[in-house]
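The values are calculated or read from the model by the stated rules, or taken from the named source; none is laboratory data. Here the structure is a predicted model, which is why all the values come from computation and not from measurement. Virtual Cβ from ideal backbone geometry, glycine too; neighbours counted across all protein chains shown. Note: accessible area is taken over every heavy atom of the protein model, side chains too, but ligands, DNA and RNA are not part of it. Shrake-Rupley method; radii C 1.70, N 1.55, O 1.52, S 1.80 Å.
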Amino acid sequence: MKLSKFTKLIKIDKDIYAVFNSLFMKILFVDKDKKNQIQEMSTNDKETQILFDNGIYINEEGNDEKVFQIIKNNIINHSKKISIMYLNISTYCNLACKYCFIDHNPLSVHDRRLMSFETAKNALDKFKKEIYKNKEQSIAQVILYGGEPLSNNNEFDKIVQYARHIMPKVKITLITNGTLLNKNKIQFLKSLNIVVGLSLDGPKNINDKSRVFKSSNESVYDAVAKKIPCMNEEKLLYGLSSTITKELIENKKEVVKCFKDLQVHDVFFNLYHYSQHVCKSEWTSFYNNMSNFILKINKDLKNIGIEEGRVRDQINLLAKEIFKFQSCGAVGLNQITIQPNGDVCICQGDSRTSKYVIGNINTDEIKEMLNSPKVEPWTKYYTVCKEKCKKCAALFVCGGGCPLQAEALFGSREEMDAASCIFYKKFLKWYLKEYYLKIKGGENVNRA
């Protein structure tokens, strides 16, 4: 027997260590003496067998590099299987959010373009064909995106009705700032079982500092908050999408109170994306503070019956022992984005530039576009394709962050998004401690 090179030992309490293989995440908890014995290969026969069964030890002739390669190949083989389509039905937005990573992307040049029903129909028809061919319909999702999608008022209802008609069981999500919602639109969305991601960053004084109208001084918070009672009354399935700013971090209690008073049930915190307009020296301290904020507020929200989506999703993947090989569908080419004129790119962050266009949905087939050499780099952005990531204890839970942020901070989309690394490493240590405390309370701690 020998120690696997993917074995990690992480201290989580005064005298307690989590031990696991970062390819499988079958977690054991041991004290310091046992941890030393594991490293020295001096465990007894029963303990050795347990460690072997959990991937901590491997046979002398075993080669865990081959195991890694099998996992890597399985992940890469999943690439180019489309399950997500962003329909950018309007590049116009009535807000001028100060942190918008699309507005502040220097490549974004298309200001006001609206998608026609015919272009949307072509995109939806071709997307349906792809997901059924690849048997991805059970996890498929159409995301109505912008700008502000509701600003394309002439075509919005027809596009949504058609999407639901041809794909009755596929998840359809509207990403909206909420300012253009009204009761009729809320009832319409409910009738078609549309999920809504509603952007709101907490209390009025915090939200309105970053989220402002382009053409007035009215309160964005007031415009959005008054729609929530109607959404609750109609039982529309929605969740708040909140971008974490410095002000949000510094006012955790007020944020929790706000969400409680609004009677929301689900909140997803977005990791702030640093772009070229932001001082690059800030990202390390900010991501540390932001990560701590998410992990702390998660407990506060849970205590009042509100789900925090980011932590919940991470925990669910671990509970199901699912290797998180991407942070978004763009990595690995599992998504496409359709621009208003039908031009196709991969990442929604590139939806207002022609630089990364790979074809047009009105004239080209999705399969042909995904086989273009121009998109091949997206298959190399996986964590399993990066040597630095391969050595990380958080390999199983990370997903790799955002290639666009890696480009903004470190010069290339192929670089590691070291900002997101901070969150996932902190999450892993937090999870290990929470998991230990939970099973300790049940007197059922796994020990080698």
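Any residue at all in segment 350-362 that's closer than 30 Å to Asn288 by Cβ and part of a helix (DSSP H, G or I)?
Yes, because at least one residue in segment 350-362 is closer than 30 Å to Asn288 by Cβ and part of a helix (DSSP H, G or I).
Residues that are aliphatic (A, V, I, L, M), open to solvent by less than 30 Å² (accessible area, probe 1.4 Å) and either out of contact with any strand residue (DSSP E or B) (no Cβ under 7 Å at 6 or more places or on another chain) or closer than 30 Å to Thr245 by Cα (or both) within segment 168-188 comprise Ile172, Leu174, Leu181, Ile186, listed in sequence order. For Asn217, the criteria (1) assigned to a helix (DSSP H, G or I); (2) free of Cβ contacts under 8 Å to residues at least 12 places away in the same chain hold in every case but one, which is (1). Evaluate segment 66-79: report whether one residue or more is modelled with pLDDT under 95, aliphatic (A, V, I, L, M) and not in a helix (DSSP H, G or I). Within segment 66-79, not a single residue is modelled with pLDDT under 95, aliphatic (A, V, I, L, M) and not in a helix (DSSP H, G or I). Taking (1) under 23 Å from Lys72 (Cβ atoms); (2) not in a strand (DSSP E or B) in turn, Phe20 satisfies each apart from (2).
Return the residue satisfying two criteria in turn: it lies in segment 94-127 and is among the hydrophobic types (A, V, I, L, M, F, W, C), open to solvent by 30 Å² or more (accessible area, probe 1.4 Å) and assigned to a loop (DSSP other than H, G, I, E, B), and of such residues it is modelled with the lowest pLDDT. Write out each step before concluding.
If we filter segment 94-127 for residues that are among the hydrophobic types (A, V, I, L, M, F, W, C), which is where we start, we get 95-97, 100-102, 107, 109, 114-115, 117, 120, 123-124, 127.
With the extra rule that they be open to solvent by 30 Å² or more (accessible area, probe 1.4 Å), the set shrinks to 96, 100-101, 107, 109, 114, 117.
From what's left, assigned to a loop (DSSP other than H, G, I, E, B): 96, 100-101, 107, 109.
Details: Ala96: 90, Cys100: 82, Phe101: 68, Leu107: 51, Val109: 56.
Across segment 94-127, the extreme among qualifying residues is Leu107.
Can Ser210 be described as touching a residue at least 24 places away in the same chain (Cβ under 8 Å) and either crowded, with 17+ Cβ neighbours inside 10 Å or over 14 Å from Thr179 (Cβ atoms) (or both)?
On the way: touching a residue at least 24 places away in the same chain (Cβ under 8 Å): yes; either crowded, with 17+ Cβ neighbours inside 10 Å or over 14 Å from Thr179 (Cβ atoms) (or both): yes.
Considered against the rule, which asks whether it is touching a residue at least 24 places away in the same chain (Cβ under 8 Å) and either crowded, with 17+ Cβ neighbours inside 10 Å or over 14 Å from Thr179 (Cβ atoms) (or both), Ser210 comes out as yes.
Which condition does Tyr238 not pass, out of (1) within 24 Å of the chain's Cα centre (by Cα); (2) modelled with pLDDT of 95 or more; (3) open to solvent by 40 Å² or more (accessible area, probe 1.4 Å); (4) not charged (D, E, K, R), if it passes all the others? Failed condition: (3).
Checking each residue of segment 348-357 against the condition of being touching a Cys at 6+ places or on another chain (Cβ under 6 Å) and open to solvent by less than 10 Å² (accessible area, probe 1.4 Å) gives no match. Quick one: is Gly400 part of a loop (DSSP other than H, G, I, E, B), within 15 Å of the chain's Cα centre (by Cα) and touching a residue at least 24 places away in the same chain (Cβ under 8 Å)? Answer is yes for this residue. For Asn298, the criteria (1) open to solvent by less than 50 Å² (accessible area, probe 1.4 Å); (2) touching a residue at least 24 places away in the same chain (Cβ under 8 Å); (3) closer than 30 Å to Asn251 by Cα hold in every case but one, which is (2). Any idea which of Lys324, Lys296 is over 29 Å from Thr179 (Cα atoms), assigned to a loop (DSSP other than H, G, I, E, B) and at pLDDT 95 or above? Going through Lys324, Lys296 in turn, just one is over 29 Å from Thr179 (Cα atoms), assigned to a loop (DSSP other than H, G, I, E, B) and at pLDDT 95 or above: Lys324.
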